[in-house]
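The structure appears right after this line, and notes come after that.
The values are calculated or read from the model by the stated rules, or taken from the named source; none is laboratory data. Because the structure is a prediction, the values reported are computed rather than measured. Here Cβ is always computed from backbone atoms with ideal geometry, including for glycine, and neighbour counts include all displayed protein chains. Accessible surface areas use protein heavy atoms only, side chains included; no ligands, DNA or RNA. Shrake-Rupley method; radii C 1.70, N 1.55, O 1.52, S 1.80 Å.
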Amino acid sequence: MTSPATAVSGAPTGGDKKPGWRGSRARLGDRIFAGTATSAGIIILVTLAAVAAFLLFEGFPALVADGEDLPGGEGFLAFVGPLLFGTVLAAVIALLVAFPLSIGIALFISHYAPRRVASGLGYLVDLLAAVPSVVYGLWGIYFLAPAMVPSFRWLEENLGFIPLFSGPASTTGRTMLTAGLVLAVMILPIMTAVNREVFLQTPRLLEEASLALGATRWEMIRQTVLPFGRSGVVSGSMLGLGRALGETMAVAMVLSAYNVVSVNLIGTVNSSTIAANIALDFPEASGLAVNALIASGLVLFAVTFVVNYAARAIVARRREFSGANA
């Protein structure tokens with residue numbers, strides 16, 4: 001006989017629970033998954049802490065050593081300052097070039113290209129992300145650098161009054177601008193893939209509503225797709241920036257660099273980067289020089305951490321703002 005409570009509410013009583021129902025108790029699979037995910041997160045944190053501790057322990061002698069004992073003989077700040085400047089400059093050039101291109105390619109794949117063309121371009125973009133950095137370096141040396149020489153001469157002749165193009169123009173093309181362009185090509189697939197997936201997640205109803213109100217396709221994209229994917233675009237840009245900051249082989253192969261601070265993008269004397277300097281100098285370094293290189297790696301680790309933390313803070317703030325407006 002059915003109880004009055006069951007007849008009114010339609011909900012089963014305690015004795016009518018379905019098999020497998022555990023109430024508030026998680027199932028075995030859920031507990032295993034939660035434990036695995038938690039363990040993976042803890043392992044990542046422990047690994048990062050171990051890397052930071054190693055860099056700090058091995059680089060500390062260079063931080064407290066006399067300046068005359070370090071490479072350059074002027075102290076650690078004078079040693080790492082130009083390298084940090086070159087690292088940031090190359091990454092900024094790459095980001096400025098790749099950012100608009102990645103948005104344009106992602107929008108073309110997601111909203112303009114036919115389905116077959118979009119599928120092929122998507123596979124091609126994913127394939128470019130798997131190309132080793134050495135290949136990009138060889139491409140930069142043997143193709144891009146020689147092709148950029150006439151452009152460098154034109155920039156020196158017509159825009160030489162700007163410090164960025166003051167020259168004298170390099171005859172080999174192995175300059176900071178070339179290295180930045182190579183980095184832009186390297187980070188473009190990652191940024192494009194992230195932006196493409198974010199743009200495809202735009203609710204279809206919002207797009208159709210915008211078009212129904214008389215908006216053109218570009219107006220629809222500007223009003224719905226770009227605002228919806230703003231946080232994802234920021235995340236993709238920070239991923240690309242992180243790779244550009246830490247790239248080693250391509251920059252070391254392309255850039256003819258010195259440990260100087262220079263904003264001249266087409267000249268023969270260019271700033272080096274931290275990662276490239278470590279790769280080139282570490283095999284022959286000894287004593288405090290090794291500690292100085294490891295300490296410069298600690299600086300790069302800190303810069304990358306700050307960049308990623310800032311990106312996550314921006315994304316979280318935009319999500320909170322969007323949630324409040326909703």
Original post:
Pick from Arg217, Arg230: which is surrounded by fewer than 19 Cβ atoms within 10 Å (Cβ to Cβ) and within 23 Å of the chain's Cα centre (by Cα)?
Top reply: Arg230
**OP:** Go through (1) touching a Gly at 6+ places or on another chain (Cβ under 9 Å); (2) open to solvent by less than 40 Å² (accessible area, probe 1.4 Å) one by one and return the number of the condition Glu68 breaks.
**Re:** (2)
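Name the single residue that is nearest to Leu188 (Cα to Cα) among those in segment 244-289 being of a type in the set (A, V, I, L, M), open to solvent by 20 Å² or more (accessible area, probe 1.4 Å) and not in a loop (DSSP other than H, G, I, E, B).
The first filter runs over segment 244-289 and keeps only residues of a type in the set (A, V, I, L, M), leaving 244-245, 249-255, 257, 260-261, 263, 265-266, 269, 274-276, 278-280, 285, 288-289.
If we keep only those that are open to solvent by 20 Å² or more (accessible area, probe 1.4 Å) as well, we get 249, 253, 257, 260-261, 263, 269, 278-280, 285, 288-289.
With not in a loop (DSSP other than H, G, I, E, B) added as a condition, the list becomes 249, 253, 257, 278-280, 288-289.
On the way: Met249: 17, Met253: 19, Ala257: 24, Ile278: 25, Ala279: 24, Leu280: 26, Leu288: 38, Ala289: 35 Å.
Among them, the one singled out is Met249.
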**OP:** Taking only segment 132-167 into account, find how many residues are farther than 13 Å from Thr178 by Cβ and in contact with a Phe, Trp or Tyr (Cβ under 9 Å, 6 or more places away or on another chain).
**Re:** 5
**OP:** Specify which of the listed residues (Leu159, Leu127, Leu181, Leu138) is modelled with pLDDT of 90 or more and either over 19 Å from Ala257 (Cα atoms) or surrounded by fewer than 17 Cβ atoms within 10 Å (Cβ to Cβ) (or both).
**Re:** Leu138
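Being touching a Lys or Arg at 6+ places or on another chain (Cβ under 9 Å) and over 22 Å from Gly240 (Cα atoms), is that true of even one residue in segment 187-194? Write out each step before concluding.
First, pick out the residues of segment 187-194 that are touching a Lys or Arg at 6+ places or on another chain (Cβ under 9 Å): 187, 190.
Next, only the ones that are over 22 Å from Gly240 (Cα atoms) stay: none.
Within segment 187-194 (the criterion being touching a Lys or Arg at 6+ places or on another chain (Cβ under 9 Å) and over 22 Å from Gly240 (Cα atoms)), the answer is no, since none of the residues qualifies.
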**OP:** Looking only at segment 209-221, decide whether some residue is of a type in the set (Lys, Arg) and free of Cβ contacts under 8 Å to residues at least 24 places away in the same chain.
**Re:** no
Original post:
When residues of segment 76-101 are filtered for being crowded, with 16+ Cβ neighbours inside 10 Å and over 15 Å from the mean Cα position of the chain (by Cα), how many remain?
Top reply: 9
**OP:** Please work out which one of (1) in contact (Cβ under 8 Å) with a residue 40 or more places away in the chain; (2) loosely packed, with under 14 Cβ neighbours inside 10 Å is the condition Ala193 fails and give its number.
**Re:** (2)
